[in-house]
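Below is one structure; the comments refer to it alone.
The values are calculated or read from the model by the stated rules, or taken from the named source; none is laboratory data. What you are looking at is a predicted structure, and each value in this text was computed from that prediction instead of being measured. Using ideal geometry, Cβ is built from the backbone for each residue, glycine included, and neighbour counts are taken over all protein chains shown. All accessible areas refer to the heavy atoms of the entire protein, side chains included, with ligands and DNA or RNA removed. Shrake-Rupley method; radii C 1.70, N 1.55, O 1.52, S 1.80 Å.
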Amino acid sequence: MSTRLIPPTSELTEPYWQGAQRHELLIQHCGSCDVHIFPPRAHCPQCGAGELSWQQVSGRGTVYTYTVAHRPPHPVFADQCPMVIAVVELAEGPRLMTNIVGCEPDAVSVGMAVEADFEPIDDSDLSLPVFSPA
C-alpha cells in the first residue's frame with residue numbers, strides 16, 4: 001500500500017470516491033445533452049442542466065500529456081519518484097489528472113493506451129484511480 005495524500009472529499013465528489021473504493025470509475029453524465037463530465041460539477045458545463053447522474057465508464061483512455069517528477073512534489077511522495085503525472089483522456093471524452101503506473105517512466109508516451117486501476121490510500125477508506133498500460 002502506497003503512502004498518498006488523502007484528497008479532500010465533499011458531497012459533490014462523494015459518489016466518485018465511493019466508486020473508486022469499489023474499483024469502479026464513475027463520472028457524471030448529463031442526460032439533457034449526453035455529455036460526460038469531469039471534474040464533478042453541480043451543473044452541466046455544456047447546457048447548464050442541473051440534474052446530472054453518475055455513470056460507470058470503461059476506464060479506457062489515452063495519455064493526453066504527462067511529465068515525470070524526479071523530485072517529489074511533496075515529502076510524502078519521496079519513495080515514489082520518479083513518478084509519472086499525466087492527464088488521461090477517457091474514451092468517453094473527459095480528461096483527468098492521474099498517475100501512470102505499471103511501467104517504466106520512459107515507456108510512457110503521448111497517445112499511449114491506458115486503463116484504470118485503483119490503489120488504496122494508506123489506512124483510509126479511499127482508493128485512488130491510477131492508470132496502467134492497456
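Using just the C-alpha positions of the chain as equal point scatterers, what log10 of I(q)/I(0) does the Debye formula give at each q in 0.10, 0.17 1/Å? Relative scattering, expressed as log10 I(q)/I(0), comes to -0.34, -0.94. Shape class of segment 70-133 from the Cα gyration tensor (axes a ≥ b ≥ c, square roots of the eigenvalues): oblate, since a/c reaches 1.5 or more and a/b does not exceed b/c. In the chain, which cysteines lack any other cysteine Cβ under 4.7 Å from their own? So far as the 4.7 Å Cβ criterion goes, Cys81, Cys103 stand without a partner in the chain.
Rolling a 1.4 Å probe across all protein chains gives Asp123 an accessible area of roughly 150 Å². Using C-alpha pairs below 8 Å separated by at least 6 residues, the relative contact order for the chain is 26 percent.
A simple spin-label model places the labels of Ala49 and Val110 3.3 nm from each other, with each point 7 Å out along Cα-to-Cβ.
The residues of the chain present an accessible area of 56 Å² per residue when probed at 1.4 Å with all protein chains retained.
Among the protein heavy atoms, those of Arg95 account for about 100 Å² of accessible surface (1.4 Å probe, every chain in place).
Comparing mean-square fluctuations of Val76, Val63, Val84 from a GNM of the chain with C-alpha springs under 10 Å, the top value falls on Val76.
Please go through segment 74-119 and write out the GluC sites (Glu not before Pro) that DSSP classes as loop and that have at most 13 other C-beta atoms within 10 Å.
none
Could you compute the net charge surrounding Gly102? Neighbours are other residues with a C-beta less than 11 Å from the C-beta of Gly102; K and R count +1, D and E count -1. Here the count lands on -4.
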